[in-house]
1. I'm told B:F97 meets every condition in (1) closer than 27 Å to B:I175 by Cα; (2) outside any loop (DSSP other than H, G, I, E, B); (3) in contact with a Ser or Thr (Cβ under 8 Å, 6 or more places away or on another chain) except one. Can you identify the failing condition by its number?
2. Spot the failing condition for B:I93; the list is (1) over 23 Å from B:Y159 (Cβ atoms); (2) within 11 Å of chain A (Cβ to nearest Cβ), and only one is missed.
3. Restricting to region B:49-78, give me the number of residues that are touching a Ser or Thr at 6+ places or on another chain (Cβ under 7 Å) and more than 10 Å from chain A (Cβ to nearest Cβ).
4. Can you find a residue that is free of Cβ contacts under 8 Å to residues at least 24 places away in the same chain and either within 19 Å of B:K36 (Cβ to Cβ) or touching a Lys or Arg at 6+ places or on another chain (Cβ under 6 Å) (or both) anywhere in region B:119-142?
5. Based on what the data block shows, is A:Y223 in contact (Cβ under 8 Å) with a residue 24 or more places away in the chain, among the hydroxyl-bearing types (S, T, Y) and in contact with a helix residue (DSSP H, G or I) (Cβ under 7 Å, 6 or more places away or on another chain)?
6. Tell me whether region B:74-90 contains one or more residues that are under 20 Å from A:D218 (Cα atoms), at pLDDT 95 or above and β-branched (V, I, T).
7. Search region B:199-215 for residues being in contact with a Pro (Cβ under 7 Å, 6 or more places away or on another chain) and not β-branched (V, I, T), and hand back the single one that is farthest from the other protein chains (Cβ to nearest Cβ).
8. Test each condition in (1) assigned to a loop (DSSP other than H, G, I, E, B); (2) touching a residue at least 12 places away in the same chain (Cβ under 8 Å); (3) within 14 Å of chain B (Cβ to nearest Cβ); (4) surrounded by 17 or more Cβ atoms within 10 Å (Cβ to Cβ) for A:L81 and report the one that comes out false.
Number of protein chains: 2
Amino acid sequence: MSKKVPPDQNLKFECLVFDLYGTLFDLKSFARECDKLHKGRGEEILESVRQKQLEYVLTRSLVKKYRDYASITKSAIKYSLQKLKLAASEDRIEELFSAFLRLEPFDDVERALNDLDEIGIKVMLLSNGTQEMVDKLVEHARLSLLSEEAVSVEGSGAYKPDPKAYQHALNHLQIFEKQKIFYVSGNPWDVAGARAFGFEVGWVNRTKQSSFDDDFRDLTPNYEFQSLVEMKEMLLS
Amino acid sequence: MSKKVPPDQNLKFECLVFDLYGTLFDLKSFARECDKLHKGRGEEILESVRQKQLEYVLTRSLVKKYRDYASITKSAIKYSLQKLKLAASEDRIEELFSAFLRLEPFDDVERALNDLDEIGIKVMLLSNGTQEMVDKLVEHARLSLLSEEAVSVEGSGAYKPDPKAYQHALNHLQIFEKQKIFYVSGNPWDVAGARAFGFEVGWVNRTKQSSFDDDFRDLTPNYEFQSLVEMKEMLLS
């Protein structure tokens, strides 16, 4: 017997769109993989890789020179290993890149996706990763509920927080009212970008920041929560 | 007797445009000021502040929500102090911000500016800082040769590496051929942005990176040097 019920008529959103890295998937699992190869340096490598990925993505978006996210990620790994004076052979870079395809979802993800499915809310994933990176991650984590709606921005030729990347989600969903979307991210620059675009936005404060970034004071999230369980309760309250 | 000579007819550039932070001015002097207030944490604070400044500038440029660089810098300081679990009172933030107005120029700057002046090459400074921040720094460092040509991007309503910010330099100089400009920066994202815009670009590798960022392989500098002394020799060779 299906547990599905018709969508709650009180729900104001037609679809929840989730970010991937740092929102549904835990980058600390990348740091742990790094630790196996470079003992005690995993956190440092992770922090540098994330920073350089973002710098490359944002710079390339601004100067309109798109390059795929797998290549960007490998360059960010190479830069970080060199900066930290660690071995940066092609093999090592590929090894660490492959750890990016085996990230673990946060503990609350599977339950939240099931709950949303039962309520009847459509769910989509929008990631800066390439379609191949996204597919591999979703498959590895056995998140079958996401498999058909896990979308890379690459079709838009732009990266979040470029408005063109958020527009890509609307085009994919064939939804034309931005406020029908509830966009959820753990990354403040992504929250700010989605707000600037016009979505209603929830910030899942995974890193337990004491407050949302002061600089984005004109682009703050509509909702803030500590976990996706808390998010679901908030949506239904 | 003036030591000035007419511009060398063999020089291919009409003007040298310098970046400020990390190119002419040494951010390590900010770290040292931080160390006085937060012993042993200066480098960490600096690294976090620089990273967040860039993240805010790039994100705001992409979503077209301009905010002045003084405010961005204060927000980056606040974020960094909170993240590092250090006191982040308004007074402390102002104190560290004022250290940004007293940065020290690199050792080779005064000599390089004098040499370029003798050769007869026009020199300009183009900074993401506000005009007030730029003026205070140049005055504090007594770099009189720069005082009339130290320009903030704020008039353009955009930040480097947005093409509009580089265009601002051309408008200021009333030069209409991009290749008449030799643009010099210590920041790889700025080098990449200036190259994408169409300037000839020199990278002063202040941080002794083992190589230019792999990701910017299509936007590499035309010239690379370790110091401005080396740059001058290269220009005249």
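1. Going through the list (1) closer than 27 Å to B:I175 by Cα; (2) outside any loop (DSSP other than H, G, I, E, B); (3) in contact with a Ser or Thr (Cβ under 8 Å, 6 or more places away or on another chain), B:F97 breaks only (1).
2. The one condition B:I93 does not meet is (1).
3. Number of matching residues: 4.
4. So far as region B:119-142 goes, no, none of its residues is free of Cβ contacts under 8 Å to residues at least 24 places away in the same chain and either within 19 Å of B:K36 (Cβ to Cβ) or touching a Lys or Arg at 6+ places or on another chain (Cβ under 6 Å) (or both).
5. Numbers: in contact (Cβ under 8 Å) with a residue 24 or more places away in the chain: no; among the hydroxyl-bearing types (S, T, Y): yes; in contact with a helix residue (DSSP H, G or I) (Cβ under 7 Å, 6 or more places away or on another chain): yes.
Judged against the criteria, A:Y223 is not a match.
6. yes
7. Per the stated criteria, the residue is B:G202.
8. For A:L81, the failing item is (1).
The values are calculated or read from the model by the stated rules, or taken from the named source; none is laboratory data. Computed from a predicted model, the values in this text were never measured in an experiment. All Cβ positions, even for glycine, are placed from backbone atoms using ideal geometry, and neighbour counts span all protein chains on display.
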